[in-house]
Amino acid sequence: MCGIIGVIDRARKRMDGTGIRSALAEMDERGSGEGAGYAVYGAFPELKDYYAIHVFFDDLHETKPRVEEELSKWGVIEHDEAVPTYEQPSLRKIHIPWRFFFRPDPHLMPRSITPEDDVVMHVVMKVNTTIPGALIFASGKNVAVFKASGWPEEVADFYRIQDYKGYLWMGHNRYPTNTPGWWGGAHPFNLLNWSVVHNGEITSYGTNRRYIESYGYQCTMYTDTEVVAYLFDLLVRRHGLPLETAVRALAPPFWDEIDRMPDQEREIFRAIRLAYGSALMNGPFAIVVANDQSMVGFTDRIKLRPLVYGEKGDRLYISSEEAAIRTMEPDVGEITMPKAGEPIIGRYVA
Amino acid sequence: MTIGSVPLRYKIGVDRDQCMLCGRCVENCPYGVFRMEGERIHVNSRVCVACHRCIAMCPRDAISLEERPVDYRSHPIWTPQVRESIYNQARSGKIILSGMGNAQDYPVIFDRLVLDACQVTNPSIDPLREPMELRTYIGKKPGVLRFGEKDGTTVLETRLAPNLMLETPIMIGHMSYGAISLNAQQSLARAVKHAGTYMGTGEGGLHESLYPYQDRIIVQVASGRFGVDINYLERGAAIEIKIGQGAKPGIGGHLPGEKVCADVSCTRMIPLGSDAISPAPHHDIYSIEDLKQLVRSLKEATEWKKPVFVKIAAVHNSAAIAAGIARSGADAVVVDGFRGGTGAAPRVFRDHVGIPVEAAIASVDAKLRTQGIRNEVSIIASGGIRESADVAKIIALGADAVYIGTAALVAMGCRVCGTCYRGLCPWGIATQRPDLVARLDPDVASVNVGNLIHAWTLELSELMGAAGINSIESLRGNRDRLRGYLLDEGIMKVLDIKPVGA
């Protein structure tokens, strides 16, 4: 099951978290009260040039110094703070959420074309695989991620997301089967500027994981969703594919369709399937992915999970359910169902 | 008479009540087990090889076959086979020849692997109602694609290397004309053309009658260079350099002179009736850089239009060897496991040298990925693929496609008697004797082989659908969908899989 929603304001007008809280709560039927989360882009305007490294600590006296030491090796911590939380009756605080605003030293990755991103990615993989009791669950610039085990409205109130504003929000309501109760298993998943919310199960996970691991990524979250963030990072940031092409690599047309395409298009799709066959995601899924330039929603190639979208003014809404969109924006007008594998993309115009 | 006669391996019985003295058994047995004297069929069981031709042809089910009716005293170490080999070699002083694949009782890893299926949390996909893609491309794949703009439209800037397109990841491996009959090769050729897949020539050249199927044939260049000229290279859909063979790693090919008839001698370009013993190494390949030169020479000769494969036997170090091959410019590496069949091989090699294909593919795939060169070559698994489940399992371990050999022969009637090297195959498969070859009708045998490929393809689709996968590339290297059942920890580490229940 799981319910997902994403909204982007293409004019970068900021919204607070009230709307998405009620929209996600509208889909409680799709969750089990064991995991929910939100991501918001544009959350830290004063610190927007720093990577907002979000960490779940099991304790502060032993693991926090180790993470600080690792970060200091690779750059400068400009500021750090506990993520403010507010006690909720049935939500047990099992981790201590913390955020560091970090500036990596680009000279430490001399061979990279995106050295700052690569430093941060390296630190994320290093901390998550070598420091027990610390999990970096978000690492983008100007992006905040809030997640925990609980119902959507509890998690929202635990972090008081209505106090944050941003021009892109994503939410996820979880029905866990793999890692219930673990905050790291809740969505959204984030790496650098990529955030992912996902409903479904990726049956090609083993193939996808082995593919991205050969490019230096390490899966640490015990769930299939994180590979989506890594795949987008690899294909778009490191390989320089346009976003549409990356989506078409992950959910490509069937060979039957490709065979019927005009020459030039056929050549492109054949090449995509040959080069990125191991990135193809199989199994039932609906996914919303965001980065600092856009938001995209798409489903698996035979649409085994629901996904609908609607627009109002500068805002594009993508969700599992029409009701969630209408809760957020009653005047949304027509709701459309995209075809299987077809990407729905919202880009900033401002 | 020091050694004396050894116990019968097989005993043939004739039910006299059933037998109607039609004489079909006499006609059909090329080994001379049966003879008709007056109103009675007489039997010489000692020459029987258990090919079952007589049993299949007897219209009254009158013939029975018993294995080892009088056996040696049982002993766990001194098995009958060990004792017989000693008697044999004490008499002959020679290397013992054998056929088919490894006959030693090693555990089969395939039979200790189980596949996955979807339940509740994700739906299985029904191949009768949804598309299911088994199309497979064999060859180099670009690691990264580059796009550009031309007249306002997106164009692909990356140039793709030539790839073979398979409608199903099942190909037929290299069995030469010489080792098998022309009728057998023609049957295979017609079957692969119909199924949209490929077959190999083996190191026996390409007979003229196979030219109509040449776009579905991979031509082999082995150490003997039998049958190789520019005409041969240009006709093939791809070229395969054979370094080694799973049934006999480290040594060359053996074709007994009995099988070198006029037509075989012309196709191979060797003298009539001569033993075709190809050398152990290629005489122009003494190191990996020499291989690179041969790969490039073959590509140059064929204007870089054809993929070049390199076939090695699965041996202890095959992962590192495959990594070297991936850097040689080759487009695919074929890894032939120690259960791979053969027309003729020294028994000591067939049974004792090399490793199973399951472990070899797992380590080759892992090594290529660690080095970031998995896309440089496709991996073809061969040697011991017996059923569609084996295909699914080996692809999940990391192979792109498989070669089948023995299974295709069995589809044409072969009973796996393992006597291919005698050249008397009663099924018309591993023989060149015209009367025996005539027993194999390509019109029928090609349909049987085609049916087998089709049936396995259907089963593979069902297995994929049950696992919630609708495209073969999502099965490839998907070791999460495998579990080991009673495999030891060391093997599971090599295969990089979890045990059942985990």
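Restricting the search to strands (runs of 3 or more DSSP E) fully inside segment B:83-157 and requiring at least 3 residues that are facing chain A (nearest Cβ under 9 Å), without any contact (Cβ under 8 Å) to a residue 12 or more places away in the chain and open to solvent by 20 Å² or more (accessible area, probe 1.4 Å) gives B:153-156. For B:Leu440, the stated conditions do not hold, so it cannot be described as among the hydrophobic types (A, V, I, L, M, F, W, C), within 13 Å of chain A (Cβ to nearest Cβ) and on the phi < 0 side of the Ramachandran plot.
Report yes if A:Val236 is of a type in the set (A, V, I, L, M, F, W, C), part of a helix (DSSP H, G or I), surrounded by fewer than 23 Cβ atoms within 10 Å (Cβ to Cβ) and in contact (Cβ under 8 Å) with a residue 12 or more places away in the chain, otherwise no. Yes. Considering segment A:305-315, and only residues there that are assigned to a loop (DSSP other than H, G, I, E, B) and in contact with a strand residue (DSSP E or B) (Cβ under 7 Å, 6 or more places away or on another chain), the residue that is least open to solvent (accessible area, probe 1.4 Å) turns out to be A:Leu307. Taken as a whole, the condition of being buried (at least 21 other Cβ atoms within 10 Å of the Cβ) and not basic (Lys, Arg) does not apply to A:Tyr86. Being touching a Pro at 6+ places or on another chain (Cβ under 8 Å) and outside the structural domain of B:Gly413 (by TED's automatic domain parsing) is a property that B:Arg53 has.
Of the residues making up segment A:260-284, those that are at the interface with chain B (Cβ under 10 Å from one of its Cβ atoms), assigned to a helix (DSSP H, G or I) and more than 18 Å from the chain's Cα centre (by Cα) number 13. Pick from segment B:271-319 the residues that are assigned to a loop (DSSP other than H, G, I, E, B) and among the charged types (D, E, K, R): which of them is surrounded by the most Cβ atoms within 10 Å (Cβ to Cβ)? Residue satisfying both the conditions and the ranking: B:Lys306. Restricting A:Glu244, A:Glu226 to residues that are without any contact (Cβ under 8 Å) to a residue 40 or more places away in the chain and either among the charged types (D, E, K, R) or over 30 Å from B:Ile395 (Cβ atoms) (or both) narrows the list to A:Glu226. In segment B:377-453, counting only helices (runs of 4 or more DSSP H) that sit wholly within it, the ones holding 1 or more residues that are closer than 30 Å to B:Glu133 by Cα and open to solvent by less than 10 Å² (accessible area, probe 1.4 Å) span B:388-397, B:406-411.
Taking segment A:244-253 as the range and being within 13 Å of chain B (Cβ to nearest Cβ) and either out of contact with any Ser or Thr (no Cβ under 9 Å at 6 or more places or on another chain) or surrounded by fewer than 19 Cβ atoms within 10 Å (Cβ to Cβ) (or both) as the test, the residues that pass are A:Glu244, A:Ala246, A:Arg248, A:Ala249, A:Leu250, A:Pro253. Checked against (1) open to solvent by less than 50 Å² (accessible area, probe 1.4 Å); (2) in contact (Cβ under 8 Å) with a residue 24 or more places away in the chain; (3) more than 26 Å from B:Arg433 (Cα to Cα), B:Asp61 meets all criteria but (1). Working only within segment B:203-231, note down all residues that are touching a helix residue (DSSP H, G or I) at 6+ places or on another chain (Cβ under 9 Å) and open to solvent by less than 10 Å² (accessible area, probe 1.4 Å). Those that are touching a helix residue (DSSP H, G or I) at 6+ places or on another chain (Cβ under 9 Å) and open to solvent by less than 10 Å² (accessible area, probe 1.4 Å): B:Gly204, B:Gly205, B:Leu210, B:Ile217, B:Val219, B:Val221, B:Gly227.
When segment B:244-269 is examined, which residues are found to be open to solvent by less than 20 Å² (accessible area, probe 1.4 Å), assigned to a helix (DSSP H, G or I) and not small (Gly, Ala, Ser)? Result: B:Lys259, B:Val264, B:Thr267, B:Arg268. Mind checking whether some residue in segment B:41-54 is open to solvent by 90 Å² or more (accessible area, probe 1.4 Å), assigned to a strand (DSSP E or B) and at pLDDT 95 or above? No: zero hits. Under the condition of being open to solvent by less than 50 Å² (accessible area, probe 1.4 Å) and in a strand (DSSP E or B), which residue from segment A:97-120 is farthest from A:Ala82 (Cα to Cα)? Among them, the one singled out is A:Pro104. Answer yes or no as to whether B:Ile469 is outside any strand (DSSP E or B) and β-branched (Val, Ile, Thr). Yes, satisfied. Can you name the condition, by its number, that A:Arg237 falls short on among (1) farther than 26 Å from A:Met295 by Cβ; (2) away from chain B (no Cβ under 11 Å); (3) of a type in the set (Lys, Arg)? That leaves (1) as the condition not met.
Just one of the listed residues (B:Ile277, B:Ile325) is touching a helix residue (DSSP H, G or I) at 6+ places or on another chain (Cβ under 9 Å) and of a type in the set (A, V, I, L, M), and it is B:Ile325. For the subset of segment A:191-218 comprising residues that are over 17 Å from A:Leu280 (Cα atoms) and open to solvent by 10 Å² or more (accessible area, probe 1.4 Å), which member is farthest from the other protein chains (Cβ to nearest Cβ)? Of everything passing the filter in segment A:191-218, A:Asn193 is farthest from the other protein chains (Cβ to nearest Cβ). Note on segment B:477-500: residues that are touching a Lys or Arg at 6+ places or on another chain (Cβ under 9 Å) and either closer than 21 Å to B:Ala381 by Cα or in contact (Cβ under 8 Å) with a residue 40 or more places away in the chain (or both) amount to 16. Could you tell me whether segment B:459-468 includes any residue that is more than 14 Å from chain A (Cβ to nearest Cβ) and under 23 Å from the mean Cα position of the chain (by Cα)? Scanning segment B:459-468 turns up at least one residue that is more than 14 Å from chain A (Cβ to nearest Cβ) and under 23 Å from the mean Cα position of the chain (by Cα). Considering only residues in segment A:316-342 that are outside any strand (DSSP E or B) and polar (S, T, N, Q), the one that is farthest from the chain's Cα centre (by Cα) turns out to be A:Thr327.
For B:Gly329, the stated conditions do not hold, so it cannot be described as more than 14 Å from chain A (Cβ to nearest Cβ), touching a Cys at 6+ places or on another chain (Cβ under 6 Å) and open to solvent by 20 Å² or more (accessible area, probe 1.4 Å).
The values are calculated or read from the model by the stated rules, or taken from the named source; none is laboratory data. For clarity, every value in this text was computed on a predicted model and none was experimentally measured. Quick reminder, even Gly has a Cβ in these numbers, built from the backbone with ideal geometry, and neighbours come from all protein chains shown. We work out accessible area using only protein heavy atoms, side chains counted, and drop any ligands, DNA or RNA first. Shrake-Rupley method; radii C 1.70, N 1.55, O 1.52, S 1.80 Å.
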